[in-house]
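The structure under discussion appears below in the form of structure tokens.
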Amino acid sequence: MKIALIGKDGQLGWELQHTLTSVGEVISLGREELDVTDVDAVQRTLIELQPDLIINASAYTEVDLAETHVGLATNINAIAPGVMAETARKLSAVFIHYSTDYVFDGKNNISYLETDLTNPLSVYGKSKLMGEENIKQAGDAYLILRTSWVYSLRGNSFVNKVLGWSRNNKTLRIVIDQISCPTWARALAEITTQAIATNNANLLDILRERRGIYHLAGSGYTSRYEWAKQILANDPKRTEQLIQTIEPVPSSEFPTAAVRHLFSALNNEKFAGVFSLRLPNWEDALQVALNG
Ligand SMILES: NC(=O)c1ccc[n+]([C@@H]2O[C@H](COP(=O)([O-])OP(=O)(O)OC[C@H]3O[C@@H](n4cnc5c(N)ncnc54)[C@H](OP(=O)(O)O)[C@@H]3O)[C@@H](O)[C@H]2O)c1
């Protein structure tokens, strides 16, 4: 199987570059090889490559900056995925894309189902929802995997931020009223790869039949405050921490350009039922991520 991976240098893309090699020949494209705002280049590159599977891990993920970079966020998160899905259909290729809990308004008090009403509060959330709609309209054998609170130990993730803050501060103030599912990028890459591997023989037909939106996030849910506490508790270099107190604070203490929803845990049962696969509990995954 020939796989075109778009967005190879992001948290998830970097992990997918490695996991996907177990299921096929991976052609990994970063922004330098393919700027997804250039829709002609997206079509041309994919047609030249003739992949059996296209995976889009690229996205405009700067949630606050998106409020003032609406055009760019729309091009990357909405227009480009539609073009990828359409090109995949023309090539009889499978298309896998990732979306977000930001499509919801966070007013639920139980985990969101795929059938729950969307109502994004931010430009980022709106652009990702538009991407979903464009894929649904143009796509054929596609999966849209909605995930949340993705972290890796590379780059500027919440996990790395908390570890960094802990080296320089005695007190941390972390929001307690935002609740969702921390999702380790490596585990998400692995489960995506497993879903492909277990259906490898007839992927196009199987995914055509199973196409649609699935929630796929770390099992269980927590607040940012509790997540931060667990990050510090699992820190392999705890002796380097200066932290004496972690203070829970409401989101209103940290005004941001984009409105943050409060509760956005995702219910993963549909994916588990259809693919017989489930991401580990967020606490177990965090422990493995930090301690191997
Ligand atoms: N991070 C989260 O908490 C979170 C939560 C829910 C859903 N998601 C979704 O999960 C997926 C993966 O997220 P992630 O955390 O891995 O994102 P990420 O680390 O921000 O990676 C996104 C990648 O997209 C690339 N990109 C941005 N603009 C591009 C362009 N014009 N052309 C080509 N590449 C471009 C970036 O390249 P540069 O490195 O050059 O900027 C980066 O490598 C995304 O669909 C995201 O919306 C993420």
Pairs only if they're at least six apart or on different chains, beta carbon under 6 angstrom, first in segment 271-290 and closer than 30 Å to Glu209 by Cβ, second of a type in the set (D, E, K, R) and outside any loop (DSSP other than H, G, I, E, B); list them, first residue then second. Val274/Arg210
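In segment 49-96, which residue that is part of a loop (DSSP other than H, G, I, E, B) and among the hydrophobic types (A, V, I, L, M, F, W, C) is nearest to the ligand (Cβ to nearest atom)?
So the first thing to find is which residues in segment 49-96 are part of a loop (DSSP other than H, G, I, E, B), and the list is 50-52, 57-62, 67-69, 92-93.
Right, trim to among the hydrophobic types (A, V, I, L, M, F, W, C) and you get 57, 59, 93.
On the way: Ala57: 5, Ala59: 3, Ala93: 19 Å.
Across segment 49-96, the extreme among qualifying residues is Ala59.
Would you confirm whether or not segment 136-146 contains a residue that is within 9 Å of the ligand (Cβ to nearest atom), within 18 Å of the chain's Cα centre (by Cα) and either of a type in the set (Lys, Arg) or within 21 Å of Glu247 (Cα to Cα) (or both)? Please lay out each step first, then the result.
So the first thing to find is which residues in segment 136-146 are within 9 Å of the ligand (Cβ to nearest atom), and the list is 145-146.
Then drop every residue that is not within 18 Å of the chain's Cα centre (by Cα), which leaves 145-146.
From what is left, the residues that are either of a type in the set (Lys, Arg) or within 21 Å of Glu247 (Cα to Cα) (or both) are 146.
Yes, segment 136-146 contains at least one residue that is within 9 Å of the ligand (Cβ to nearest atom), within 18 Å of the chain's Cα centre (by Cα) and either of a type in the set (Lys, Arg) or within 21 Å of Glu247 (Cα to Cα) (or both).
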Inside segment 252-290, the number of residues satisfying the requirement of being at pLDDT 95 or above and either in a loop (DSSP other than H, G, I, E, B) or under 20 Å from Tyr151 (Cβ atoms) (or both) is 22
Considering only segment 100-122, how many residues are crowded, with 24+ Cβ neighbours inside 10 Å and in contact with a helix residue (DSSP H, G or I) (Cβ under 6 Å, 6 or more places away or on another chain)? 3
Matching residues in segment 11-48 - criterion: being under 18 Å from Leu143 (Cβ atoms) and within 11 Å of the ligand (Cβ to nearest atom): Leu12, Gly13, Glu15, Leu16
What's the number of the condition Thr239 fails, among (1) surrounded by fewer than 16 Cβ atoms within 10 Å (Cβ to Cβ); (2) touching a Lys or Arg at 6+ places or on another chain (Cβ under 8 Å)? (2)
With (1) at pLDDT 95 or above; (2) out of contact with any Gly (no Cβ under 7 Å at 6 or more places or on another chain) as the list, and Asn109 as the residue in question, which single condition is left unmet? (1)
Those residues that are part of a strand (DSSP E or B) and under 18 Å from Phe263 (Cα atoms), I need them from segment 152-185; list them, please. Ile174, Val175, Ile179, Ser180, Thr183
Can you pull out every residue in segment 192-219 that is outside any helix (DSSP H, G or I), of a type outside the set (D, E, K, R) and at negative phi? Thr198, Asn199, Ile213, Tyr214, His215, Leu216, Ala217, Gly218, Ser219
Go through the residues of segment 120-130 one by one and say whether even a single one is outside any helix (DSSP H, G or I) and without any contact (Cβ under 8 Å) to a residue 24 or more places away in the chain. yes
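The values are calculated or read from the model by the stated rules, or taken from the named source; none is laboratory data. The structure displayed is predicted, hence computed values, not measured ones. Every residue, glycine among them, receives a Cβ derived from its backbone with ideal geometry; neighbour counts consider all protein chains shown.
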